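Written below as structure tokens is the structure these notes are about.
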Amino acid sequence: MNYGTSKIFIIVFCSIFMLIGGVAIVSAVVGGNLFFLVWGAMFFFIPLTIMRGNLKQLSTFEKMTYDWYRSEHPEHVQGNRVSCFSCGNARINVRALMNRTFHREHFCTQCGKTLYYSPEQS
Ligand SMILES: [Zn+2]
């Protein structure tokens, strides 16, 4: 999983829409067209929200890896056995995250806390 490339892709992709929205806002203000202003604002703020959400999520995946969990909670990783840092339970389940994130979430079956994430390819 290359997080840098994914982030750049999201930024470029959303920027294209934001640029269209920005141009629409400017021309709406110049021409005094209210419909164009609403339309432009939508094109500007929706991608902005998506971009912020996606980048935040990617940063979380990038940070909260198995290696991170092991260094953060060494007492809860013994060999291949991982236990929950919150309640100590050793039953950890994995679920695939939807929404085309291509990541799996490793969570505690007892308290539901997310321990770490892993990319789906591995
Ligand atoms: Zn727990």
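Collect the residues in the stretch 74-122 that are farther than 20 Å from residue 53 by Cβ, assigned to a loop (DSSP other than H, G, I, E, B) and away from the ligand (no atom under 13 Å from the Cβ), keeping them in residue-number order.
Answer for the stretch 74-122, where residues must be farther than 20 Å from residue 53 by Cβ, assigned to a loop (DSSP other than H, G, I, E, B) and away from the ligand (no atom under 13 Å from the Cβ): 79, 80, 121, 122.
Does the stretch 45-59 hold any residues that are out of contact with any Lys or Arg (no Cβ under 9 Å at 6 or more places or on another chain) and crowded, with 16+ Cβ neighbours inside 10 Å, and which are they?
47, 51, 57
Please indicate, with yes or no, whether at least one residue in the stretch 87-110 is over 20 Å from residue 17 (Cα atoms), of a type outside the set (Val, Ile, Thr) and in the same structural domain as residue 15 (by TED's automatic domain parsing).
No, the conditions are met nowhere in the stretch 87-110.
Looking at the structure I just gave you, is residue 17 surrounded by 14 or more Cβ atoms within 10 Å (Cβ to Cβ), part of a helix (DSSP H, G or I) and in contact (Cβ under 8 Å) with a residue 60 or more places away in the chain?
Answer is no for this residue.
Within the stretch 71-88, can you find the residues that are surrounded by 12 or more Cβ atoms within 10 Å (Cβ to Cβ), free of Cβ contacts under 8 Å to residues at least 12 places away in the same chain and more than 10 Å from residue 115 (Cα to Cα)?
77
The values are calculated or read from the model by the stated rules, or taken from the named source; none is laboratory data. Because the structure is predicted, anything quoted here is derived from the model rather than measured. As a convention, Cβ positions derive from the backbone with ideal geometry for all residues, glycine included, and neighbour counts pool all protein chains shown.
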